[in-house]
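A short reminder: the numbers here are calculations on the coordinates, not readings from a lab. Quick caveat: nothing in here was measured; it's all calculated off a predicted structure. Please note: Cβ atoms are built from the backbone with ideal geometry, for glycine as well, and neighbour counts cover all protein chains shown.
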Amino acid sequence: MVALQSKGIHVPSELRLIFDADGLTLSKSGFNEFWPILVRVQGYDYVFAAGIYQGRGKPADNNVYFKFFLAGLFA
């Protein structure tokens, strides 16, 4: 947000973050996948990766997947 402010873009005192995740297979023959946690600030067009899970297939439980990310976000 500091980068936006330095460019003269107004940043409100309250931000709403929108989270999403989607898998990316590394190769057609492999089992490893990346599952990035994508974030967009509501009202802005910028999307950025805030975390990445890597493993064999998708995370078993989305609640666990986001639990550690959110714990770090609010620490």
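Normalised by the number of residues in the chain, what is the relative contact order in percent for Cα pairs under 8 Å and 6+ residues apart?
Taking the mean separation of contacting Cα pairs over the length of the chain, I get 21 percent.
Neighbour counts of other C-beta atoms within 10 Å: give me Val41, Val47 arranged from fewest to most.
Ordered from fewest to most neighbouring Cβ atoms within 10 Å, Val41, Val47 come out as Val47, Val41.
Given a Förster distance of 35 Å, report the FRET efficiency between Ile9 and Phe34 from their Cβ-Cβ distance, rounded to the nearest 0.05.
For R0 = 35 Å, the calculated efficiency reads 0.70.
Restrict the search to the stretch 23-75; then list the chymotrypsin sites (Phe, Trp or Tyr not before Pro) that DSSP places in a loop and that have at most 16 other Cβ atoms within 10 Å of their Cβ.
Within the stretch 23-75, the qualifying chymotrypsin sites (Phe, Trp or Tyr not before Pro) (loop, at most 16 other Cβ atoms within 10 Å) are Phe31, Tyr44, Tyr46, Phe74.
Just to confirm the number: angle between the C-alpha axis of helix 62-73 and the first principal axis of the chain, 0 to 90 degrees, nearest 10?
Approximately 40 degrees, to the nearest ten.
In deg cm²/dmol, rounded to 500, what helix-only [θ] at 222 nm does the chain give when every DSSP H run of at least 4 residues adds -39500 (n - 2.57) and the total is split over its residues?
Roughly -6000 deg cm²/dmol at 222 nm, from the helical runs in the chain.
Counting only other residues whose beta carbon sits under 11 Å from that of Asp22, what net charge do I get with K and R as +1, D and E as -1?
Summing Lys and Arg as +1 and Asp and Glu as -1 gives -1.
Can you give the longest run of the chain that contains no trypsin sites (Lys or Arg not before Pro) sitting in a DSSP loop with at most 13 other Cβ atoms inside 10 Å?
29-75
Which entry is the computed Cα Rg over 2.2 N^0.38 Å for this structure: [x] 1.68; [y] 1.35; [z] 2.94?
Checked against the structure: label [y].
Take the chain, connect every pair of alpha-carbon atoms lying under 10 Å apart with a spring to form a Gaussian network, then pick out the residue of Ala21, Ala60, Ala50 with the largest mean-square fluctuation.
Sorting by GNM fluctuation, first place goes to Ala60.
With charges set only on the Cβ (+1 for Lys and Arg, -1 for Asp and Glu), what does the dipole of the chain come to about its Cα centre, in debye to the nearest 20?
120
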